[in-house]
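A.B. asks: Starting off with a structure, shown below.
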2 protein chains.
Amino acid sequence: MLCTKCGKREAVYHRRYSGESLCSRCFLQSVEERVKRTINQYGMFEPKDRIAVAVSGGKDSLTLLQILYKIEQKFPKSELIAITIDEGIGDYRREAIKLVGQLCNRLGVEHHVYTFREIYGYTLDDVVEAGGVEFKPCSYCGVLRRRALNFAARELGATKLAVAHTLDDEAQTIIMNLLRGDPLRLARLKPVSDFVHPRLVRRVKPLCMVPEAETALYAYLARLPYTNRQCPYAHKALRNEVRIFLNRLEFKHPSTKFTIYKAFERIRPAIEATIGEVKLNECKICGEPTPGEICQACKLLNKITNHQ
Amino acid sequence: MLCTKCGKREAVYHRRYSGESLCSRCFLQSVEERVKRTINQYGMFEPKDRIAVAVSGGKDSLTLLQILYKIEQKFPKSELIAITIDEGIGDYRREAIKLVGQLCNRLGVEHHVYTFREIYGYTLDDVVEAGGVEFKPCSYCGVLRRRALNFAARELGATKLAVAHTLDDEAQTIIMNLLRGDPLRLARLKPVSDFVHPRLVRRVKPLCMVPEAETALYAYLARLPYTNRQCPYAHKALRNEVRIFLNRLEFKHPSTKFTIYKAFERIRPAIEATIGEVKLNECKICGEPTPGEICQACKLLNKITNHQ
């Protein structure tokens, strides 16, 4: 079957939600176009931005790095750097760090690795060992990684921090917050974070309109050296159930994930109005920005210290 | 194992979301108490209400009728009547109508049967026959049944219309509206409808805090003569998928359905504020209340007439 876009080359992908069948070249182009449109629509970047890309080494983040690299070629005053956080989970990140290094080398992009051990004095394995069953590694990791990324981006002089959350991640988070009874948290789920603080590097999500299946195919067709290795602590709980549910629905009713995301965008202003403006303070322990008095990371780290 | 409430009788039900194990008598009582609390919390009834109960003959609606009957015993100025709508789906309602009649007889409650054919001139089978694949029987049935119930309740002089939507129905509807991209519709999902119009009998949902598993057990333990017959058009689409998903989650994380409902209650005011007050007009064709110019039922009925 021929590509429905160029009509010349053999199609390799049937995009069920649009009805298109695409050849490799047209598919890659269409994902890049989608990311460009998302960046423009939400005003994610300015011409002189120094953009830190959070690159774990998985398909999503390598795809993000590659696409931003292509786009930024046209903005000679902008800069791109890559940050990888090594959480300290056995040798889990070893291969990934090597592969990210290779791609960065090929693209001529600086690559910086930061470790939980340097930043916090603990690896994630230490946290798990100290905490036993009651410490949920994924909750710790999420909070600590988010703060580590902001710390690294700021230290490296970045003006934006790009993360590789896909449409799937966002749709899952929307459903999960409802299931957890915490819908007001969703006010934060934005393509461009609107928290403002001198110590906070603004986070943007250029892949928020790209389904995960398409970042995987992009990484494969663009021959990106991504790793498929699963984190040994990968939570088998709620997010995984929601993922399976949404994938099954998407299969039967293509474009469900887009629909959820857009539905949520329609009610977000109402949720934001309910919450009002969130003012950020500086954490009394570490000085990092937080809506409360003590930041989430310090609260968790205190728990470990007290536990030992 | 003994009942954790009375400590005397053998437990027949383990309520996972609360940790209680209940004997038959304590279980029945606890469901009745929950319904009473819901009625009080939302101010569903006044002492002189003439309450029409929509009774299809399934476990939910017979449980509702039985519990309201018990509660209303203490309000001698209130009245209870039962309405069954016969949609005209083969002989699907025949057994149900007989069983509802039996229970009403036993309780001394008037029972009135209204048919789609009388009210609209069409049975649901006619709709399906006229429409072919593109007519979704469940959408038609939902709209026409809702209007038929209001018509019947009004004609019978009722001041309230009680429907047997359970916690499961409400949680499913919340998720479905997100999946369909129509979250603003959720403003309507209230325990007490706040649409006001002289031709509209106010709808209330006394079972909105009772999980479906518990209405089933209630009907069984209270020996209500309910029917388990499934509608032959029962949609196998979205609602069913959402039901399976939520039941699986509820099994793994007990009380998920309550959490969703409460999460939604927290954002509903924001959604309502977005929409503003909805003013009801009278449909230009049938005179029934509608937010637009032509009511949903007349639009659908027109489609059939034009299709024949």
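A.B. asks: For region A:57-114, what value does the Rg/Rh ratio take when both radii are computed over Cα atoms and Rh is the Kirkwood radius, given to two decimals?
C.D. replies: 1.00
A.B. asks: Another question about this same structure. Whole-Hz Karplus ³J(HN,Hα) for region B:53-64, in order, using 6.51 cos²θ - 1.76 cosθ + 1.60 and θ = phi - 60°, x for Gly and Pro?
C.D. replies: Once rounded to whole Hz, the list reads 9, 7, 10, 7, x, x, 4, 5, 6, 5, 4, 4.
A.B. asks: At q = 0.13, 0.15, 0.18 Å⁻¹, what log₁₀ I(q)/I(0) does region B:189-308 have when each alpha carbon counts as one equal point scatterer in the Debye sum?
C.D. replies: Those come out to -0.90, -1.11, -1.24, one per q.
A.B. asks: Shielding of A:175-182 by partners, i.e. mean partner chain Cβ atoms within 10 Å per residue?
C.D. replies: 6
A.B. asks: Quick check for you: with a 1.4 Å probe and neighbouring chains kept, what is the accessible area per residue of region B:29-269, in Å²?
C.D. replies: Solvent-accessible surface per residue comes out at 44 Å².
A.B. asks: Computed over the Cα atoms of the protein assembly as shown, what is the ratio Rg over Rh, Rh following Kirkwood?
C.D. replies: That ratio equals 1.03.
A.B. asks: What fraction, in whole percent, of alpha-carbon pairs in region B:75-218 exceed 27 Å separation?
C.D. replies: I get 29 percent for the Cα pairs in region B:75-218 exceeding 27 Å.
A.B. asks: Show me the ranking of peptides A:275-285, A:45-55 by mean Cβ neighbours inside 10 Å, starting with the highest.
C.D. replies: For the peptides A:275-285, A:45-55, the packing ranking is A:45-55, A:275-285.
A.B. asks: Enumerate by residue number the chymotrypsin sites (Phe, Trp or Tyr not before Pro) in region A:236-308 meeting two conditions: DSSP loop (anything except H, G, I, E, B), and at most 11 other Cβ atoms within 10 Å of the site's Cβ.
C.D. replies: Here no loop site has a sparse enough neighbourhood.
A.B. asks: Now for a separate question. Partner chain Cβ atoms within 10 Å, averaged over the residues of A:101-112 - can you pull that number for me?
C.D. replies: 0
A.B. asks: Taking all protein chains in place and a 1.4 Å probe, what share, in percent, of the accessible surface of chain A do carbon and sulfur account for?
C.D. replies: Percent of accessible area from carbon and sulfur atoms in chain A: 50.
A.B. asks: Something else about it: Which pairs break 25 Å Cα to Cα here: A:K262/B:K190; A:K36/A:K190; B:K190/B:K257; B:K77/B:K262?
C.D. replies: From the list (A:K262/B:K190; A:K36/A:K190; B:K190/B:K257; B:K77/B:K262), the Cα-Cα distance tops 25 Å for B:K77/B:K262.
A.B. asks: How many percent of DSSP beta bridges within chain B run antiparallel, rounded to 5?
C.D. replies: 30 percent
A.B. asks: Looking only at the protein assembly as shown, where both bridge partners belong to it, what percent of the DSSP beta bridges are antiparallel (to the nearest 5)?
C.D. replies: The antiparallel proportion sits near 30 percent.
A.B. asks: Same structure again: Give me the inter-chain shielding for A:273-280: mean count of other chain Cβ atoms within 10 Å, whole number please.
C.D. replies: 1
A.B. asks: What list of ³J(HN,Hα) values in whole Hz, one per residue of region B:15-26 in order, does the Karplus curve 6.51 cos²θ - 1.76 cosθ + 1.60 (θ = phi - 60°) give from phi, with Gly and Pro shown as x?
C.D. replies: 8, 4, 6, 10, x, 6, 10, 10, 7, 4, 5, 5
A.B. asks: Suppose we look only past 16 Å in the calculated P(r) of region B:42-146. What percent of the Cα-Cα pairs does that tail hold?
C.D. replies: 61 percent
A.B. asks: What distance in nm lies between label points placed 7 Å from Cα along the C-beta direction at B:V113 and A:T4?
C.D. replies: Roughly 5.0 nm, to one decimal.
A.B. asks: Moving on. How big is chain A by Rg and Dmax over its Cα atoms, in Å?
C.D. replies: Spelled out, the Cα radius of gyration and Dmax of chain A are 19.7, 65 Å.
The values are calculated or read from the model by the stated rules, or taken from the named source; none is laboratory data. Quantities reported herein were computed from a predicted structural model and do not represent experimental measurements. Note: ideal-geometry Cβ built from the backbone for every residue, glycine included; neighbour counts use all protein chains shown. Quick note on the areas: whole protein, heavy atoms, side chains included, nothing else; ligands and nucleic acids left out. Shrake-Rupley method; radii C 1.70, N 1.55, O 1.52, S 1.80 Å.
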